[in-house]
Amino acid sequence: MYKILIADDEKDIVNLLKDYFEINNYLVITAHSGAEVLEKIMQKPDIILLDVNMPNGDGFSTCNKIRDYVSCPILFLTAKIEDSDKISGFASGGDDYIIKPFSIEELGARVSAHIRRENRIKAQENIRFFGNIIINYTTKTVSVENIIIKLAKKEYQIIALLSLNCGQVFDKERIYEKIWGYDAEGDSSVIAEHIRRIRTKLANYHEEYHMETVWGMGYKWIK
């Protein structure tokens, strides 16, 4: 079963397309803003339908932000028909441009055609977006605006642990056990120094707020 992400701020359109693609045996993921697309992208859709005019990140800027990190086809839905808009869409990484109003049967056929073309072996990368930070858990990298932050192995592992459990508080002892292991020689006092180094590196990009200290309890990752 293929997964399709449908992003449009018009709920009637989203509901119509959701019903159509579910009938045709797709697993449908929905979003109503650019920001919501960034949250749903971690579900690894096989294809994305992206409305150009959305709040909190229009289609072009959203596509441009995710294009280097997802390989699936991205199809724009829009009422705009100017050549400049089409150029902007393709320049941001879109694969097709579908004009509203459209035939839902034609849309379904074009979606199917794009998926057939994509049926090649490809790496499925596991990524998440936090503000301007992009964490790629497959390549084990943390980047901001395509600049990879140089992290020591343990520093990356701490970020991965906290960010994969966003909002959950971990005390120093639990972090030490998770990263260093139960049988490691040493103690949890090293955690505070690693956290300090991580914050310093994130601060260079004004993203240090993600690593939050919960006084008397431990640390957590916030969006």
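The values are calculated or read from the model by the stated rules, or taken from the named source; none is laboratory data. Everything numeric in this text was worked out from a predicted model, so none of it was measured. All Cβ positions, even for glycine, are placed from backbone atoms using ideal geometry, and neighbour counts span all protein chains on display. Ligands, DNA and RNA are stripped out before the accessible areas are found, and what is left, the full protein with its side chains, is counted by its heavy atoms. Shrake-Rupley method; radii C 1.70, N 1.55, O 1.52, S 1.80 Å.
Structural remarks
- Of all the criteria given as (1) at pLDDT below 90; (2) more than 19 Å from I48 (Cα to Cα); (3) more than 21 Å from the chain's Cα centre (by Cα), the one not satisfied by E145 is (3).
- Residue within region 148-170 that is in contact (Cβ under 8 Å) with a residue 60 or more places away in the chain and either aromatic (F, W, Y) or open to solvent by 70 Å² or more (accessible area, probe 1.4 Å) (or both) present: no
- Residues (surrounded by 15 or more Cβ atoms within 10 Å (Cβ to Cβ) and at pLDDT below 80) located in region 93-122: E118
Every residue, every condition in (1) under 18 Å from N132 (Cα atoms); (2) of a type in the set (D, E, K, R); (3) touching a strand residue (DSSP E or B) at 6+ places or on another chain (Cβ under 8 Å), yes or no:
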site: D8; (1), (2), (3): no, yes, yes
site: L17; (1), (2), (3): no, no, yes
site: E36; (1), (2), (3): yes, yes, yes
site: I41; (1), (2), (3): yes, no, yes
site: I47; (1), (2), (3): no, no, yes
site: S61; (1), (2), (3): yes, no, no
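- Test set (1) open to solvent by 50 Å² or more (accessible area, probe 1.4 Å); (2) farther than 26 Å from D68 by Cβ - S188 fails condition number: (1)
- Qualifying residue in region 179-188 (condition: without any contact (Cβ under 8 Å) to a residue 12 or more places away in the chain, under 16 Å from N132 (Cα atoms) and not small (G, A, S)): no
- The one condition in (1) open to solvent by 50 Å² or more (accessible area, probe 1.4 Å); (2) farther than 22 Å from E118 by Cβ; (3) at pLDDT 90 or above; (4) not acidic (D, E) that K80 fails to fulfil: (3)
- Take the conditions (1) modelled with pLDDT of 80 or more; (2) farther than 23 Å from Q43 by Cα; (3) of a type in the set (S, T, Y); S71 misses just one of them, which is (2).
- Total residues in region 131-147, condition touching a helix residue (DSSP H, G or I) at 6+ places or on another chain (Cβ under 8 Å) and open to solvent by 70 Å² or more (accessible area, probe 1.4 Å): 2
- Residues of region 33-56 that turn out to be over 18 Å from C166 (Cα atoms), within 15 Å of the chain's Cα centre (by Cα) and open to solvent by 40 Å² or more (accessible area, probe 1.4 Å), as a count: 3
- Each residue in region 193-220 was checked for being open to solvent by 30 Å² or more (accessible area, probe 1.4 Å) and either at pLDDT below 90 or among the charged types (D, E, K, R) (or both), and 9 of them qualify.
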